[in-house]
Amino acid sequence: MTSISAVKAIRIINQSRLQFVTPTAISQLFDLTKKNTVYKLLQRLEKYQLIHRLNHGQYLVTNSSVTDFTIANFLITPSYISFESALSFYGILAQFPYPITSATTKKSVVIDALNKEFQFTRLSGKFFFGYQSINRQLIACPEKALIDSLYLMSKKLRWLNLDELDLTPINKNRLKQLALKISFRPFIKLFLKLKL
C-alpha cells in the first residue's frame, strides 16, 4: 500500500480503537514499509487535525477521551504519576499543580504538549515501585507519592509545605514500611518531621 487518504486512515485508526499513534504503529497498522510514506501519512493526518503531535513521533488521535495522566504515561515509558499530581489526586495536597508530575527511570525532562506541561523526574530504579493502575493510568499509591515527594525535598529538588498536607488518606503503617526502604539521612530527618 503506497498511498492512503487521511479520511480512510483515520477511519481505520478509529476502528482499531487507538488513542495514540507512533510511526511504528502506523507502519504496522497499514503495512507500510517505507518510512517516507509513513511520515507523509502522519503529516496529512496532522494537517487535517485528525491527530495532534504530543512529542517527536508521538501523536494523540483527535477526539480520543484520554486524561492528562494517560498522556503522561504515554509520553515517557516507564513512568507513573507521582509527586504533586498524585498527592492532589488523592486529596492530600489541596491544590492541583499546573504541571503534570511523573516519576521515571529515564532522564528528567519537561515536555510541553497540548498547552500543558508534563514534568518527568528521574528516580533510581531501586525507588521505582509503589504504583498501581487506576483507570488504566499508572499512578503512585498515596503513600509512595508522599515518599517520592519527601525524597526529592530531601535532595532539595522539590518543595512542599508539610503543614498543608491532609494525611487522612495515608495508611501510616504502609508509609512507614516504604520509608524504611530509603536510607538517605536527609530523607529520614525530613520523614521524622511528619506529624503521623
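Among the residues that make up the range 53-64, is at least one of them among the β-branched types (Val, Ile, Thr) and within 20 Å of VAL110 (Cβ to Cβ)? No, because not a single residue in the range 53-64 is among the β-branched types (Val, Ile, Thr) and within 20 Å of VAL110 (Cβ to Cβ). Being hydrophobic (A, V, I, L, M, F, W, C) and over 16 Å from the mean Cα position of the chain (by Cα) is the filter; apply it to the range 123-146 and report the residue that is modelled with the highest pLDDT. By that ranking, first place goes to LEU146. Taken as a whole, the structure leaves LEU87 outside the set of residues that are surrounded by 19 or more Cβ atoms within 10 Å (Cβ to Cβ), at negative phi and not assigned by TED's automatic domain parsing to the domain that holds PHE128.
Among the residues of the range 61-73, those that are surrounded by fewer than 20 Cβ atoms within 10 Å (Cβ to Cβ) and among the hydrophobic types (A, V, I, L, M, F, W, C) comprise VAL61, VAL66.
In this structure, does ILE92 turn out to be outside any loop (DSSP other than H, G, I, E, B) and surrounded by 18 or more Cβ atoms within 10 Å (Cβ to Cβ)?
no
Restricting attention to the range 148-164, the residues that are in contact with a Ser or Thr (Cβ under 9 Å, 6 or more places away or on another chain) and either at positive phi or surrounded by 16 or more Cβ atoms within 10 Å (Cβ to Cβ) (or both) add up to 5.
Only one entry of SER85, SER149, SER108 meets the criterion of being modelled with pLDDT of 95 or more and out of contact with any Lys or Arg (no Cβ under 9 Å at 6 or more places or on another chain), and that entry is SER85. Of the residues making up the range 11-37, just one is crowded, with 17+ Cβ neighbours inside 10 Å, aliphatic (A, V, I, L, M) and in contact with a Phe, Trp or Tyr (Cβ under 8 Å, 6 or more places away or on another chain), namely VAL21.
Taken as a whole, the range 155-171 holds at least one residue that is of a type in the set (Lys, Arg) and either at pLDDT 95 or above or under 17 Å from LEU192 (Cα atoms) (or both).
Of everything in the range 1-34, what is without any contact (Cβ under 8 Å) to a residue 24 or more places away in the chain and under 22 Å from THR77 (Cβ atoms)? Give them in sequence order. Scanning the range 1-34 gives SER16, ARG17, THR24, ALA25, ILE26, SER27, GLN28, LEU29.
The values are calculated or read from the model by the stated rules, or taken from the named source; none is laboratory data. Because the structure is a prediction, the values reported are computed rather than measured. Quick reminder, even Gly has a Cβ in these numbers, built from the backbone with ideal geometry, and neighbours come from all protein chains shown.
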